[in-house]
Every structure is written in C-alpha cells, then in structure tokens.
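Remarks on the structure that follows.
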Amino acid sequence: MRTMTDISTALTSELGSKERLLWSGQPRQGLVFRPSEIFMTPFALMWGGFAFFWEWEVINAPNPPGFFVLWGVPFVLIGIYLIAGRFFVEAKQRERTYYGVTNERIIIVSGLFGRKIKSLNLRTLADLTLSESSNGEGSISFGGGTPFAAWFGGFSGWPGADNYLGPRFELIPNAKAVYESIRNAQRAAA
C-alpha cells in the first residue's frame, strides 16, 4: 500500500491556492470479496461453464462451421472476466483511486486508463451516509445515488457501474473518524 505522503502527493496537484488537505486515503488494496458474491459467483460460473462447454463442443465437432467457432469466443471472454477478471480489474481501479477531504471540498481521483477527478463542494453536500463494519472499515456515500445502487455494490469492476453507485469513499479504514472529519469540515465551511 502507498504511504500517506504518496497519496497526499497524488492529490496536491488538484488543490486550489487556499485549499488545505485535511485527510487523504485510498480504498483497501488487493482482491476483495463482497457479500454480493453470494449471487454473482453462481451466475459467473453458470455463464462461463455454458460458454466453455459450447465452445468446446463446437471446436471438437467434425467440420465445425467457422461462424459457430467465432460466435462462442466473446461469450468465453465474458465468462473469464466474470469468473476471475473482474476481481483484478476492480483491484487495479482501487489501486489508482485516491480520496481527499479539504477545507472546501471532497476530492476523488480515479481512473483505470486515464485520470478522472470528482469534486464535491462541502457547502452544498446534503446527503452523507456512513456504512461501517465491526473492524472500523467502511464506506461513505455522498448523495443519494440511484434506487438500484445497492444492486451494483459488488459490481464496481464492471464497466459503467460507477454511474449507478454515485460518488463515495469506499472500503476505507477508520471510516467513522473520516466521516466525523467531513462533518467538521462542513461545519467550518458553512
């Protein structure tokens, strides 16, 4: 995991001239298995199993039509992604994600292939939600998101899922302390 100095350095270029960084961090690093895996894993195994079986049968058929051989390839690739690839993509996304709280705003710097900066003004931030586990790790959501956001909680490695999840500090240590520091910064900014 990167040091706090590395994380602060990644955010410093985004700060305004009178802006002070009050807190910075990153989501938990490495592979993460979420509660939604109870549903996603069987689906991924069924999808992948069927796609692999289809492709195997077509390839081993006498004189297989080229179209049928090619038809199964995208389904096999999606199956591989669903079974294993999504964990590595999400881990890489979290590795390149940085969170910051300043005296003016919330900053989320992310991006797998580029750099995406999300900035939320503390004065206009109306909805703040803390979800915390017994070990103190948790997530802080900013704004209401969509009604189906909970469905996508375990699919953040799926392309486009961030559009449904909304801005958040995800899987951060000492989430309650960070939540309180955001609340204090909001009061000071008002």
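Descriptive notes on the structure:
- Inter-label distance, nm, simple model (7 Å from Cα along the C-beta direction), F68/S134: 5.3
- Counted residue by residue at 0.36 nm each, then reduced by the alpha carbon distance between them, the extension gain from F43 to A188 reaches 47.4 nm.
- For the chain, the percent of C-alpha pairs falling in each 10 Å distance bin, counted from 0 to the bin holding the largest distance, reads 8, 31, 29, 15, 9, 5, 2, 0.
- Ranking W71, G138, I182 by how far each Cα lies toward the positive end of the dipole of the chain (charges on Cβ) leaves I182 at the top.
- The relative contact order of the chain comes to 22 percent, based on Cα pairs under 8 Å that sit 6 or more residues apart.
- Within the shell defined by Cβ-Cβ distances under 9 Å, the residues around V32 carry a net charge of +2, with Lys and Arg each +1 and Asp and Glu each -1.
- Take the Cβ atoms of L77 and Q29, set R0 to 25 Å, and the FRET efficiency comes out at 0.40.
Read the figures in this text as sums done on the coordinates, not as results from a lab. Note that the coordinates shown come from a computational prediction; the quantities given were computed from them, not determined experimentally. Note that each Cβ is placed from the backbone with ideal geometry, even for glycine, and that neighbours are counted across all protein chains shown.
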